[in-house]
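Asks: Pasting in a structure now, in structure tokens, and then I'll have a few things to ask.
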Amino acid sequence: MSVLALAGGVGAARFLRGVVRAVSPTDLTVVVNTGDDREFYGVHVSPDLDIVTYTLAGRIDRQRGYGLEGDGFRVVDALAELGHETWFRLGDRDLATSLHRTLRLREGAGLTEVTREVRRAHGVDVEILPMCEELAPTFVQLSAGRRVHFEEYLARDGAPDDVQGVDLTTAAAATAAPGVLDAIAGADAILICPSNPVVSIGPILQVPGVREALEASPAPKVGISPIIGGAPVKGPADRLLRGIGVEVSARGVAGLYAGLLDGWVIDERDAAQRQDVEALGLRCVVTDTLMRSPEVAHALADTALGLAAGIGGAR
Ligand code: GDP
């Protein structure tokens, strides 16, 4: 059975760690947001691609949620001494990943090919695909007409709450990376990971052809709520959802995906919202979705895949 997942960074990676316990890694393809990509220190940084790769390799720095465990920061510290702005804390070995990516892109390799090289070097058998190969930065619109790159919003400015909108026009003008639309069309089950719906899943859905491929696919499609008890587990999803006028709740995010998904997994703390989710036309399952351990992530993956199988079987 081939499983296709749409993913952002940390929440998605935690969940995918569970999916690879439920299905063979070679049966899983992940399409990852690249709207956070940007050049820092002269290298092409792909935050979500690397978080997913490092997590599946078992090498993620769990405390920070990104970067490699045990990495040092000698390069950024030295750059700071030379007067550079170093609010984007890229570890030394992590910098090597991005330097490799930059060198290979400069040689003419595509981001898909380079991503495959990096994940293979880390012993990861899951196919990890960028949503597109060109830079397609996400911008956040703030008060007083300010517009900042998503990483400036998150890492430099600490995710202020005066969000007025999100600009995904570069994703909407991008071309789906090689293999993305075919992987969606060929999947037996499609999962939307518990990721930021606005700036992680949102850009992927904007890439021309992706939404259409999802709609055309006969595979059951199931998502997992990134919101538990009215708040994100981590990150600025609450500020971004409010900024685009969506309720910060499991049912609010379900409403964003309604029409695209068949099923929605929500947390036990949100059990009271089940009927509202079902009223949107989604099959709803309530379970523990707070992935404190790989075992919980595994159980959550089993639940999501079980819901997908039930929906597929009912057709
Ligand atoms: P980011 O790029 O680091 O923000 O990562 P993501 O796109 O994966 O989005 C983070 C989202 O994942 C946030 O909305 C979190 O609430 C969600 N998330 C993180 N950990 C968990 C978890 O254990 N369970 C659930 N249900 N959601 C989670």
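Asks: Taking the stated definitions as given, is V198 within 24 Å of A159 (Cβ to Cβ) and free of Cβ contacts under 8 Å to residues at least 24 places away in the same chain?
Replies: In short, no.
Asks: Next question, about the same structure. If G158 passes every condition in (1) under 17 Å from V45 (Cβ atoms); (2) in a loop (DSSP other than H, G, I, E, B); (3) without any contact (Cβ under 8 Å) to a residue 12 or more places away in the chain but one, which one does it miss?
Replies: (1)
Asks: From the list L79, L28, exactly one residue is more than 16 Å from the ligand (Cβ to nearest atom) and free of Cβ contacts under 8 Å to residues at least 40 places away in the same chain. Which is it?
Replies: None of the other options fit; the residue is L79.
Asks: Can you find a residue that is at pLDDT below 95, more than 13 Å from the ligand (Cβ to nearest atom) and surrounded by fewer than 19 Cβ atoms within 10 Å (Cβ to Cβ) anywhere in region 254-272?
Replies: Checking region 254-272: at least one residue is at pLDDT below 95, more than 13 Å from the ligand (Cβ to nearest atom) and surrounded by fewer than 19 Cβ atoms within 10 Å (Cβ to Cβ).
Asks: Another question about this same structure. Tally time: how many residues in region 190-203 are crowded, with 24+ Cβ neighbours inside 10 Å, outside any loop (DSSP other than H, G, I, E, B) and among the small types (G, A, S)?
Replies: 1
Asks: So, one more: Of the residues V140, V118, V124, V163, which single one is under 16 Å from D36 (Cα atoms), of a type outside the set (S, T, Y), in contact (Cβ under 8 Å) with a residue 40 or more places away in the chain and surrounded by 17 or more Cβ atoms within 10 Å (Cβ to Cβ)?
Replies: Of V140, V118, V124, V163, the one residue that is under 16 Å from D36 (Cα atoms), of a type outside the set (S, T, Y), in contact (Cβ under 8 Å) with a residue 40 or more places away in the chain and surrounded by 17 or more Cβ atoms within 10 Å (Cβ to Cβ) is V140.
Asks: Right, something else. For region 115-159, which positions are within 16 Å of the ligand (Cβ to nearest atom) and of a type in the set (D, E)?
Replies: Across region 115-159, the qualifying residues are E151, E152, D157.
Asks: Kindly indicate the residue of region 204-241 that is part of a helix (DSSP H, G or I) and near the ligand (Cβ under 10 Å from one of its atoms) and also nearest to R62 (Cα to Cα) among those meeting that condition.
Replies: For region 204-241, the residue satisfying everything is A237.
Asks: Could you run through region 42-71 and say how many residues are touching a Lys or Arg at 6+ places or on another chain (Cβ under 8 Å), at pLDDT 95 or above and not aliphatic (A, V, I, L, M)?
Replies: 7
Asks: Now for a separate question. Of the conditions (1) surrounded by fewer than 22 Cβ atoms within 10 Å (Cβ to Cβ); (2) within 17 Å of A12 (Cβ to Cβ); (3) out of contact with any strand residue (DSSP E or B) (no Cβ under 8 Å at 6 or more places or on another chain), L181 fails just one. Which one is it?
Replies: Among (1) surrounded by fewer than 22 Cβ atoms within 10 Å (Cβ to Cβ); (2) within 17 Å of A12 (Cβ to Cβ); (3) out of contact with any strand residue (DSSP E or B) (no Cβ under 8 Å at 6 or more places or on another chain), the lone unmet condition for L181 is (2).
Asks: Out of the residues in region 167-183 that are part of a helix (DSSP H, G or I) and within 16 Å of the chain's Cα centre (by Cα), state the one that is farthest from W264 (Cα to Cα).
Replies: Among those residues, the one meeting the criterion is A171.
Asks: Then there is this: If I ask for residues that are in a loop (DSSP other than H, G, I, E, B) and within 14 Å of I190 (Cα to Cα), which ones from region 8-41 would you list?
Replies: Passing the criteria: only V23.
Asks: Just need a number here: residues in region 4-45 that are polar (S, T, N, Q) and over 22 Å from T303 (Cα atoms).
Replies: Counting residues in region 4-45 that are polar (S, T, N, Q) and over 22 Å from T303 (Cα atoms) gives 2.
Asks: Inside region 185-203, can you point out the residues that are out of contact with any Phe, Trp or Tyr (no Cβ under 6 Å at 6 or more places or on another chain) and within 16 Å of the ligand (Cβ to nearest atom)?
Replies: L191, I192, S195, N196, P197, V198, S200, I201, G202, P203
Asks: Give the residue, chosen from G245, G229, that is in contact with a Lys or Arg (Cβ under 7 Å, 6 or more places away or on another chain), within 30 Å of S143 (Cα to Cα) and either surrounded by fewer than 19 Cβ atoms within 10 Å (Cβ to Cβ) or not small (G, A, S) (or both).
Replies: Within the list G245, G229, the selection yields G229.
Asks: Taking the stated definitions as given, is R104 among the charged types (D, E, K, R), assigned to a helix (DSSP H, G or I), away from the ligand (no atom under 16 Å from the Cβ) and under 21 Å from V19 (Cβ atoms)?
Replies: No.
Asks: Only residues in region 1-15 that are over 13 Å from V199 (Cβ atoms) count as the first member; pair them with residues that are within 7 Å of the ligand (Cβ to nearest atom) and part of a helix (DSSP H, G or I), Cβ under 6 angstrom, at least 6 apart or cross-chain, and list the lot.
Replies: Once the first residue is over 13 Å from V199 (Cβ atoms) and sits in region 1-15, its partners that are within 7 Å of the ligand (Cβ to nearest atom) and part of a helix (DSSP H, G or I) give A13/I51.
Asks: Scan region 289-298 for residues that are crowded, with 16+ Cβ neighbours inside 10 Å, part of a helix (DSSP H, G or I) and within 12 Å of the ligand (Cβ to nearest atom) and jot them down.
Replies: Result: V296, A297.
The values are calculated or read from the model by the stated rules, or taken from the named source; none is laboratory data. Note that the structure is predicted; figures quoted are calculated from it, not measured. Virtual Cβ from ideal backbone geometry, glycine too; neighbours counted across all protein chains shown.
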